[in-house]
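Since the structure comes first, as structure tokens, the remarks are kept for the end.
The values are calculated or read from the model by the stated rules, or taken from the named source; none is laboratory data. On a predicted model such as this, the values are computed, not experimentally measured, just so you know. Heads up, the Cβs are rebuilt from the backbone with ideal geometry, glycines too, and the neighbour counts pull from every protein chain shown. Side chains included, ligands, DNA and RNA excluded: accessible areas come from the protein's heavy atoms. Shrake-Rupley method; radii C 1.70, N 1.55, O 1.52, S 1.80 Å.
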Amino acid sequence: MTDVDKLFAAPLPQVSDFVFDHNVARVFPDMIKRSIPGYPTIVENIGVIAAQYAQPNTLIYDLGCSLGAATQSMRRHLRSEGCRIIAVDNAEAMTQRCQEYLSAQDSMIEELVPASVVHGDILELELQPCSVVVMNFTLQFIAPERRLKLLSSIRQALLPGGVLILSEKFRFTEPAVQHHLEQVHWAFKRANGYSDLEIAQKRSAIENIMLLDTPQAHLERLQAAGFSQAYNWFQCFNFGSIMAHA
Ligand code: GEK
């Protein structure tokens, strides 16, 4: 069981920028499920997609893994011989718990694909040849001017036939579309028990550190990074996921 997210429930005298610390790691599974429409569907299908594209005896990366939800899903689905998952996050509170979750998964299910957890910055990582890379709601926390270089290095590391699964919160240039999708996202959060105060305080905490792109900007950047084809495979309100092929 994980704790219920009450981080922004009480009025705060001043809302500071959001950090992925121990308080967040403790409530993270509850927070992300109640905040991102479609998250359980995306996570489960990351396993399905990875199983389709994983090549025998290759590496698979989960970049910005948090507690390893995508890694756990891939381990439930992967059948390829000799694959290994490397799950990376630069928040120690996350990697510590991620390791515990993966060990618990190992103790419950036999013969899972091995997974190692690395505490580190994905911008500093020397990616090795790999067949699948997952960035599930991570790129939005990377400084916009560093995104193309990171995607280019992922493209370079991917083997022929490899795939990147990139999930993000989107923004929309058409004001009416932006407005409507933002409104239904807040309705989704209210339906999941968040108060208007919680929604507003979380928004202030995250707006300086989570910088969003339009779906079109993502697809154009992926093309600029050298991916041969990129398209949306899932969208729920202003959240979605893209597959990009090497
Ligand atoms: C999931 N993928 O549940 N290097 C490494 N990690 C980073 C960096 C960086 N430069 N910047 C941010 N992170 C997960 C959810 S959460 C999404 C991903 C969210 C990490 C950060 O520490 C956090 O754990 C994660 O990216 C983003 O499938 O909270 O909305």
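Does residue 91 fit the bill of being more than 8 Å from the ligand (Cβ to nearest atom), open to solvent by less than 40 Å² (accessible area, probe 1.4 Å) and modelled with pLDDT of 95 or more? For residue 91, the condition - more than 8 Å from the ligand (Cβ to nearest atom), open to solvent by less than 40 Å² (accessible area, probe 1.4 Å) and modelled with pLDDT of 95 or more - is not met.
Among the criteria (1) open to solvent by 30 Å² or more (accessible area, probe 1.4 Å); (2) closer than 17 Å to residue 67 by Cα; (3) within 12 Å of the ligand (Cβ to nearest atom); (4) among the aliphatic types (A, V, I, L, M), the one residue 104 does not fulfil is (3). Taking the stretch 212-246 as the range and being within 17 Å of residue 36 (Cβ to Cβ), among the hydrophobic types (A, V, I, L, M, F, W, C) and open to solvent by 30 Å² or more (accessible area, probe 1.4 Å) as the test, the residues that pass are 212, 233, 234, 236, 237. Looking at the stretch 203-211, can you tell me whether even one residue there is modelled with pLDDT under 95, among the aliphatic types (A, V, I, L, M) and not in a loop (DSSP other than H, G, I, E, B)? Scanning the stretch 203-211, I find at least one residue that is modelled with pLDDT under 95, among the aliphatic types (A, V, I, L, M) and not in a loop (DSSP other than H, G, I, E, B), so the answer is yes. Annotation note: Cβ proximity below 6 Å between a residue of the stretch 125-136 that is under 20 Å from residue 241 (Cβ atoms) and a residue that is within 12 Å of the ligand (Cβ to nearest atom) and in a strand (DSSP E or B) (sequence gap 6+ or interchain) occurs for 130/61; 133/61; 134/62; 134/165; 135/63; 135/166; 136/167. Taking every residue in the stretch 169-181 that is in contact (Cβ under 8 Å) with a residue 12 or more places away in the chain and pairing it with any residue that is among the β-branched types (Val, Ile, Thr) and surrounded by 11 or more Cβ atoms within 10 Å (Cβ to Cβ), at least 6 positions away or on another chain, the pairs with Cβ-Cβ distances below 8 Å are 169/36; 170/214; 171/214; 172/214; 173/214.
Residues are listed down the side, and each one gets a yes or a no for (1) away from the ligand (no atom under 13 Å from the Cβ); (2) of a type in the set (Ser, Thr, Tyr):
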{"residue": "8", "(1), (2)": "yes, no"}
{"residue": "16", "(1), (2)": "yes, yes"}
{"residue": "22", "(1), (2)": "no, no"}
{"residue": "25", "(1), (2)": "no, no"}
{"residue": "29", "(1), (2)": "no, no"}
{"residue": "33", "(1), (2)": "no, no"}
{"residue": "63", "(1), (2)": "no, no"}
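Every condition in (1) open to solvent by 10 Å² or more (accessible area, probe 1.4 Å); (2) more than 10 Å from the ligand (Cβ to nearest atom) holds for residue 75 except the one numbered (1).
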